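Reviewing the structure listed below.
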Amino acid sequence: MIMFAAAAAALLAAMALALARAFAGPSLSDRVLAGNSFGTKTVLLIGVMGFVAGRPDFLDIALLYALLNFVATIAILKFFRYRTLARGLGAEPEFKEAAPNSGEAP
Amino acid sequence: MSAALATQTPNAIAAGLVIDLALLTLLFIVAVNIARQRHLFAAVMLSGIYSLLSAAFFVSLDAVDVAFTEAAVGAGISTVLMLGGMLLTARREKPVSPRRAPVAFIVVTLVGAALVYASVDMPPFGSADAPANRYIGEEYVQRTPKEIAVPNVVTAVLASYRGFDTMGETTVIFTAGLAVILLLGIGSARGGRAVRDKEEEE
């Protein structure tokens, strides 16, 4: 029990750190990465919360969150590279000026 | 955690409370930062983070189905939709005149105070005497194992007892989706813009 509480506290601290990066930026990839790792921490926290509450069935939910988080990150990155979702991942980017790390584009 | 309260040790309840408080604090910090953020992409990413946080909070309140919806719609779909909308506008929010800020602050404070005032009248959290947990709710809990035979009562209510209602909701959501596509333009979903369409005609 104490172990799980300590794990939850560590996860909350890690979430706060990821949040600080998402606030500060400055580049686009910083923020995408902060959002993604924040999602991972949420997944872990839900798992730990299940054990703290004595109901580990929450692990299934955590798994589904992990899937969602992955798909959302891919969608965001793809959107920034191709400016659309209806396009194969191997295709040439349509707008060359919007490189993935140019957070300050016009 | 209301349903499991009876079987939990006091330590587990205290740990759950601390986690809830920490989650609410993080939600508050994120909300303030979204409001102060002028960089639109950062605001979109922060709103995704806000959705993830509130989904975790809903899980800790035992509202698993709401948490699913929040994570799928809030962190998944609406982030992409807002990015699609952002591509059609500027990357930065225009500065708002400082004279308008106090009015907005007063309105927000009043609405918040009204909500807090309304919450005073609500039955205590997890109370067995609350109207939601008596009458028809009790009936559903008793009947679901016999009639529908699924472990989750909420699923049984949504998909079976109120099936027509859910179908109507699906229609509403479909209509809302159509409206969003009309607003963003079907071209933006496929990567086309009004400007580019003109170029293609030439």
Scanning region A:9-67 residue by residue, those in a helix (DSSP H, G or I), open to solvent by 30 Å² or more (accessible area, probe 1.4 Å) and of a type in the set (D, E, K, R) turn out to be A:Arg21, A:Asp30, A:Lys41, A:Asp60
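Matching residues to (1) in contact with a Cys (Cβ under 7 Å, 6 or more places away or on another chain); (2) within 30 Å of B:Val32 (Cβ to Cβ); (3) among the charged types (D, E, K, R); (4) open to solvent by less than 70 Å² (accessible area, probe 1.4 Å):
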| position | (1), (2), (3), (4) |
| --- | --- |
| B:Leu110 | no, yes, no, no |
| B:Ala114 | no, yes, no, yes |
| B:Pro123 | no, no, no, yes |
| B:Ser127 | no, no, no, yes |
| B:Thr144 | no, no, no, yes |
| B:Val150 | no, no, no, yes |
| B:Ala159 | no, no, no, no |
| B:Arg162 | no, no, yes, no |
| B:Met167 | no, no, no, no |
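Residue by residue, here is whether (1) modelled with pLDDT of 80 or more; (2) within 17 Å of B:Val44 (Cβ to Cβ); (3) in contact with a Phe, Trp or Tyr (Cβ under 8 Å, 6 or more places away or on another chain) holds:
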{"position": "A:Gly47", "(1), (2), (3)": "yes, no, yes"}
{"position": "A:Phe51", "(1), (2), (3)": "yes, no, yes"}
{"position": "A:Ala98", "(1), (2), (3)": "no, yes, yes"}
{"position": "A:Asn101", "(1), (2), (3)": "no, yes, no"}
Of the conditions (1) in contact with a helix residue (DSSP H, G or I) (Cβ under 7 Å, 6 or more places away or on another chain); (2) within 9 Å of chain A (Cβ to nearest Cβ), B:Ser51 clears all except one; give me its number.
(2)
Only one of these conditions is not met by B:Ala72: (1) open to solvent by less than 70 Å² (accessible area, probe 1.4 Å); (2) more than 7 Å from chain A (Cβ to nearest Cβ); (3) of a type in the set (Gly, Ala, Ser). Which number is it?
(2)
Identify, by number, the condition in (1) surrounded by fewer than 19 Cβ atoms within 10 Å (Cβ to Cβ); (2) in contact (Cβ under 8 Å) with a residue 24 or more places away in the chain; (3) of a type outside the set (D, E, K, R) that B:Gly84 doesn't meet.
(1)
Given the conditions (1) modelled with pLDDT of 75 or more; (2) part of a helix (DSSP H, G or I), which single one is not true for B:Val195?
(1)
Are there any pairs with C-beta distances below 9 angstrom linking a residue in region B:161-173 that is within 21 Å of B:Pro145 (Cβ to Cβ) to a residue that is at pLDDT below 90 and surrounded by 11 or more Cβ atoms within 10 Å (Cβ to Cβ), with the two at least 6 apart or on different chains, and if so which?
B:Tyr161/B:Tyr140; B:Tyr161/B:Arg143; B:Tyr161/B:Thr144; B:Tyr161/B:Glu147; B:Tyr161/B:Ile148; B:Thr166/B:Leu158; B:Thr166/B:Ala159
Within region B:55-69, which residues are farther than 14 Å from A:Tyr65 by Cα and open to solvent by 20 Å² or more (accessible area, probe 1.4 Å)?
B:Leu61, B:Asp62, B:Ala63
Looking at region A:68-83 only, could you name the residues that are facing another protein chain (nearest Cβ under 7 Å) and either over 14 Å from the mean Cα position of the chain (by Cα) or not in a helix (DSSP H, G or I) (or both)?
A:Phe79, A:Tyr82, A:Arg83
State which residue is farthest from the chain's Cα centre (by Cα) when the search covers only region B:16-32 and only residues that are open to solvent by less than 40 Å² (accessible area, probe 1.4 Å) and either within 8 Å of another protein chain (Cβ to nearest Cβ) or more than 26 Å from B:Glu93 (Cα to Cα) (or both).
B:Gly16
Among the numbered criteria (1) under 23 Å from A:Lys78 (Cβ atoms); (2) facing chain A (nearest Cβ under 9 Å), which single criterion is violated by B:Ala43?
(2)
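Name the residue, out of B:Arg99, B:Arg91, that is charged (D, E, K, R), farther than 23 Å from B:Val154 by Cα and within 9 Å of chain A (Cβ to nearest Cβ). Reasoning before the result, please.
Numbers: B:Arg99 fails: within 9 Å of chain A (Cβ to nearest Cβ).
That would be B:Arg91, the only listed residue that is charged (D, E, K, R), farther than 23 Å from B:Val154 by Cα and within 9 Å of chain A (Cβ to nearest Cβ).
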List pairs: first residue in region B:128-147 and on the phi < 0 side of the Ramachandran plot, second residue surrounded by 13 or more Cβ atoms within 10 Å (Cβ to Cβ) anywhere in the structure, Cβ distance under 6 angstrom, at least six positions apart or on different chains.
B:Tyr140/B:Val153; B:Tyr140/B:Val157; B:Val141/B:Val153; B:Thr144/B:Val153; B:Thr144/B:Ala156
Considering only region B:44-124, give the helices (runs of 4 or more DSSP H) lying wholly within it that have at least 1 residues that are farther than 20 Å from A:Leu45 by Cβ.
B:78-87, B:101-120
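The values are calculated or read from the model by the stated rules, or taken from the named source; none is laboratory data. All figures in this text were calculated on a predicted structure; none of them were measured in a lab. Heads up, the Cβs are rebuilt from the backbone with ideal geometry, glycines too, and the neighbour counts pull from every protein chain shown. Each accessible area value is taken on the protein alone, full model and side chains, heavy atoms only, with ligands, DNA and RNA left out. Shrake-Rupley method; radii C 1.70, N 1.55, O 1.52, S 1.80 Å.
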